[in-house]
Amino acid sequence: MKLAKVISAIIIAVLIGGVVLVKSLTIYVPVGSAGVRTQQYALLGQKGVVQADFAPGWHRDLGPIDSWVDFDVTVQTLEMTRDPSRGSLMGRDDVQVQSADGYTVSVDVTVKYRIEPGMAHKVYQDTGSKEKYKVIVRNEAQKACMGLFGQMKTEDFYDPEQRRTKAGEVKVVLAEALEDNYVDVIDVLMRDVQFDPEYERKIRTKKLADQEVEYNKSKAVAETMRGKTQVVEANTERKLDVIGEEKKGEIVKMQAETNRQIARIKAEAEKYATEKRADADLVKAQKEAAGHLLVRKAEAEGERLRNTAMMGVGGNIIVALEAARNLRLSDITVSTLETDLLDLDEMATKLGVPKAAPQEQ
């Protein structure tokens with residue numbers, strides 16, 4: 001039992017010692033960094049900076065034989081600004097530019113850059129420091145900005161397009177200047193501009209004067225346009241009058257044409273009605289003539305039939321009937337002894353009606 005405890009203690013001690021030994025003989029390079037190893041003695045290889053960057057992770061560190069430096073290989077930012085709380089350096093760090101027309105212009109500049117991939121060991125080999133290359137970047141950026149921005153007139157700083165163009169030129173010049181320092185320039189931005197107070201006063205005065213000139217020009221143009229507007233209005237009124245008169249003429253013409261068509265249609269209707277009335281009168285006259293003819297024919301036929309009837313017994317009877325009608329019995333004295341007034345046959349015979357022949361039994 002005692003032996004087991006001893007063995008366990010030995011194992012634990014060996015493990016702890018192994019961990020301590022490993023930690024003491026290795027170094028960890030963090031993510032986003034590149035490790036640079038310098039071999040102090042030529043015991044395990046060539047002395048000096050090892051010609052390679054070491055990726056993030058664990059690497060050997062043999063105490064006094066090896067020394068390590070890690071470099072930030074991500075995109076870094078250099079802020080040169082008037083705002084002491086934002087710049088890369090403490091205090092005011094803007095770029096002071098003397099413009100082409102002699103005024104001082106304060107420019108806030110941002111530079112985006114990074115160490116060329118795989119070249120951190122070269123940066124360390126040339127500078128012997130992990131921070132000195134940043135000073136080089138800042139100095140070269142200041143030089144390029146002052147040189148190229150100084151070519152601009154003060155009023156050019158108001159033009160965003162010219163500012164972008166000059167910032168692009170600074171990027172090209174700065175990239176060439178840092179090429180031997182193994183630094184890539186990603187971009188250069190001119191973020192803010194502040195002018196000399198005296199210049200700002202002059203600019204303000206000039207702008208006010210320019211605005212006054214533009215105002216007067218606009219006023220003159222407005223007056224000119226007002227005159228043109230009046231001419232246009234007069235022409236429009238005249239054209240409207242002409243159009244109105246033409247419209248009235250067209251209306252009169254249309255009314256005349258309409259009246260003419262109405263008169264024509266009315267005349268045609270009258271003509272048609274007259275023709276139809278004439279036709280109707282003709283038909284009426286024809287019908288009336290035909291009727292009169294039929295009446296005359298009927299009368300003639302009746303007269304013929306009467307004459308025919310009068311030529312026979314019927315005629316004698318009719319004559320006797322007329323004679324009887326014409327008798328005035330109140331003026332005649334009749335002897336009832338000689339005449340029997342109730343014997344009608346006898347009376348008829350006396351008036352001219354022939355006696356009827358006796359009928360055969």
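What do you reckon, is Y272 part of a helix (DSSP H, G or I), within 30 Å of Y158 (Cβ to Cβ) and of a type in the set (S, T, Y)? The answer is no for Y272. Filtering the range 93-119 to residues that are touching a strand residue (DSSP E or B) at 6+ places or on another chain (Cβ under 7 Å), surrounded by fewer than 20 Cβ atoms within 10 Å (Cβ to Cβ) and farther than 30 Å from D196 by Cβ leaves R114, E116. When every residue of the range 140-153 is checked against the conditions, at least one turns out to be touching a residue at least 60 places away in the same chain (Cβ under 8 Å), surrounded by 20 or more Cβ atoms within 10 Å (Cβ to Cβ) and among the aliphatic types (A, V, I, L, M).
From K166, K122, K130, K134, which residue is within 13 Å of L78 (Cβ to Cβ), in contact (Cβ under 8 Å) with a residue 12 or more places away in the chain and surrounded by 13 or more Cβ atoms within 10 Å (Cβ to Cβ)? The match here is K134.
Apart from one condition, R201 fits all of (1) of a type outside the set (D, E); (2) in a helix (DSSP H, G or I); (3) in contact with a strand residue (DSSP E or B) (Cβ under 6 Å, 6 or more places away or on another chain); the exception is (3).
Readers should treat all values here as calculations from the given coordinates under stated rules, not as data from a laboratory. Predicted model, so just to flag it, every value in this text is computed and none were measured. Using ideal geometry, Cβ is built from the backbone for each residue, glycine included, and neighbour counts are taken over all protein chains shown.
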